[in-house]
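S.K.: Pasting in a structure now, in structure tokens, and then I'll have a few things to ask.
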Amino acid sequence: MGMIDQIFVGHISIESFAGVGLVVSVLNCIVGVLGVLSVGLVIQFFDSNESERDELIANYYVISLMIGFLFMLIIGAFSNPILKIGFGLRDKTLYEGAGYLKIYSVSFLLNMQIFVCNTVFKIQKTTSYIFFASLAGNVVNIILDYLLIFGKQGFPKLGTTGAAISTVIALMVTLLFEMTVILKRRYICKMNCVSPEKMRDIIKYNIPLIAQELLEGVVLVFLTNMIVGRMGAVTLAIFNISQQLINIVLMPAYGYSSAINVLINDDEYTRKDVAKTVIEVGTFAYFLLALIVYVNRYSILGFFGEDYRGIDSASTIILVSIIIQGINYIFVLFRAMLQSMGEAEWILKITCLINIIVSLCMIFFAKNLISLYVLLGMNYFAISVSSARRIKRSLHNEI
């Protein structure tokens, strides 16, 4: 949905595209960090007795609801200073980004609920409902973006504000679809078993997972956007485009990492077979999508607006980002395996150490997008190698 918004907004102005792109990138990484609760839900679900599972899901849902509401209020209230002070946006880029963020902050509340619903479908192995719900939401988003951004068919011309409204409504449609299916199929049978003690235990259990995601998903992404945000609107626009293309290429990683979280804890499968199959299929999917995206890069750039085809460095940045994110792709799969094997604390420690070193290097040596991507690649490579060794050791100990 974020990419659809940016494609439409890209036709307004480079400043609008830069501001909205940064907002989508930053908020999505925060939502991703909070969404790691779904990983904890899967692990605890398979470790619990059948009589405890409804209680577990109910408490996770209430926690997600509370967190989503809190972040919605904070981000919505302080959208302008967050973008101005934190990311160095100014003038029209700041105006467009802040206007979008005020409304888009509602997505926190909706996405946190969607994460729990998606997890229920994954546990039940009925993931087709996630696809149909997302498809319905994206169709609504495309239609409303066209109507509200450009003021078509008698609707007001709202620009970036219209893009934010469209996304929020689309997420509501997605959530309503999923909740209807869950209640109809009785995947959740009761919600009256929420307790402060259980929620406290859940939060305590998920602290290592959340902390690791904070280091990888927020600290690194925030620092990257802070550095790029100060390079100017054009550079930020190029970075946003490369990130959107990378999001397409990385899609299989998040899909297969979810599969790992479920299947690696399922007694029907052996951990070694799950790990081997996911790595083989997932890696093939990455190279296939990467090839398609790079070969069609100029056509894709045209979706965002004709102005972006003429940016000389865009093609080089896209190629470099695809290569660097290929290393990150492997790490995403390795991380899912280790988290599902109960190695969340180890992941936290190694990520903390490597991220601190690389973050310091980025502050002092990242002078342009190429140098920034090279440093990110060093970070992903170091963590991936360490993770591969840890997985090999864990699987060997199980034999």
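S.K.: For Asp54, Asp5, what's the fewest-to-most ordering of other Cβ within 10 Å of each Cβ?
M.R.: Numbers: Asp54 16, Asp5 27.
Arranged by neighbour count, lowest to highest, Asp54, Asp5 become Asp54, Asp5.
S.K.: Please compute P(r) over all alpha-carbon pairs of the stretch 231-399, binned at 10 Å starting from zero, and give each bin as a whole-number percent.
M.R.: Percent of pairs per bin, in order: 9, 34, 31, 19, 6, 1.
S.K.: Shifting gears a bit: Could you give each residue of the stretch 145-159 its phi-based ³J(HN,Hα) in whole Hz, using Karplus coefficients 6.51, -1.76, 1.60 with θ = phi - 60°, and x for Gly or Pro?
M.R.: Once θ is set to phi - 60°, the couplings for the stretch 145-159 become 4, 4, 6, 8, 6, 9, x, 8, 6, x, 7, x, 7, 10, x Hz.
S.K.: Treat the count of other C-beta atoms within 10 Å as a stand-in for reagent exposure and order Met112, Met231 from fewest to most. Each step should come with its number before you reach the end.
M.R.: Details: Met112 26, Met231 17.
By the 10 Å Cβ count, ascending: Met231, Met112.
S.K.: Could you work out how far the C-alpha centroid of the stretch 376-390 sits from that of the stretch 85-115, in angstrom?
M.R.: The distance from the Cα centre of the stretch 376-390 to that of the stretch 85-115 comes to 31 Å.
S.K.: Another question about this same structure. Looking at the stretch 210-291, which GluC sites (Glu not before Pro) are DSSP coil and have at most 15 other C-beta atoms within 10 Å of their C-beta?
M.R.: Those that pass, being in a loop and sparsely packed, are Glu268.
S.K.: Roughly speaking, what is the stretch gain from Ile67 to His396, that is 0.36 nm per residue apart minus the C-alpha to C-alpha distance, in nm to one decimal?
M.R.: Value of the extension gain: 114.6 nm.
S.K.: Can you tell me how much longer the chain between Leu135 and Met226 gets when fully stretched, taken as 0.36 nm per residue apart minus their C-alpha distance, in nm with one decimal? Intermediate values should be presented prior to the final figure.
M.R.: Numbers: separation 91, 0.36 × 91 = 32.76 nm, distance 3.27 nm.
Going from the current span to full extension adds 29.5 nm.
S.K.: Pick the calculated Cα extents along the principal axes in Å for this structure from [x] 69, 44, 44; [y] 56, 46, 37; [z] 65, 44, 39?
M.R.: Evaluating Cα extents along the principal axes in Å on these atoms matches [y].
S.K.: Starting from a Cα-only point model with no solvent, please compute log10 I(q)/I(0) by Debye for the stretch 1-197 at q = 0.11, 0.15 1/Å.
M.R.: For the stretch 1-197 at q = 0.11, 0.15 Å⁻¹, log10 I(q)/I(0) is -0.54, -0.91.
S.K.: Round to the nearest 0.05 the FRET efficiency obtained for Glu50 and Ser128 when R0 = 22 Å and r is the Cβ-Cβ distance.
M.R.: After rounding, the FRET efficiency stands at 0.35.
S.K.: Okay, next question. Treat the count of other C-beta atoms within 10 Å as a stand-in for reagent exposure and order Cys117, Cys361 from fewest to most.
M.R.: Neighbour counts put them in this order, fewest first: Cys361, Cys117.
S.K.: Turning to a different aspect of this structure: Be a star and scan the stretch 238-255 for residues whose amide nitrogen sits under 16 Å from the point 7 Å along the Cα-to-Cβ vector of Thr277.
M.R.: Counting only backbone N, you get 255.
S.K.: Grab the Cα-Cα distance for Leu183 and Ser195, subtract it from 0.36 nm times how many residues apart they are, and report the gain in nm with one decimal. Let's see the in-between values first.
M.R.: Values: separation 12, 0.36 × 12 = 4.32 nm, distance 2.15 nm.
Contour length minus Cα-Cα distance gives 2.2 nm.
S.K.: Separate question: What are the ³J(HN,Hα) values, in whole Hz, obtained from phi via the Karplus relation 6.51 cos²θ - 1.76 cosθ + 1.60 with θ = phi - 60°, for each residue of the stretch 166-176 in sequence order, with x given for Gly and Pro?
M.R.: In residue order, the calculated couplings are 4, 5, 4, 5, 4, 5, 4, 5, 4, 5, 4 Hz.
S.K.: Given the -39500 (n - 2.57) contribution per DSSP H run of 4+ residues, what per-residue ellipticity at 222 nm results for the chain, rounded to the nearest 500 deg cm²/dmol?
M.R.: Mean residue ellipticity at 222 nm (helix-derived): -27000 deg cm²/dmol.
S.K.: Sticking with this structure for a sec: Calculated FRET efficiency, Ile370 and Tyr294, Cβ-Cβ r, R0 22 Å, to nearest 0.05?
M.R.: Computed FRET efficiency for Ile370 and Tyr294: 0.85.
S.K.: Sticking with this structure for a sec: Distance in nm between label sites at Asn247 and Tyr205, each 7 Å beyond Cα in the beta-carbon direction?
M.R.: Going by the 7 Å Cα→Cβ label model, 3.1 nm.
Values quoted throughout were computed directly from the atomic coordinates according to the rules given, and no laboratory measurement underlies them. Model, not experiment: these values are computed from the prediction. Counting neighbours? That spans all protein chains shown, and the Cβs are built from the backbone with ideal geometry, glycine included.
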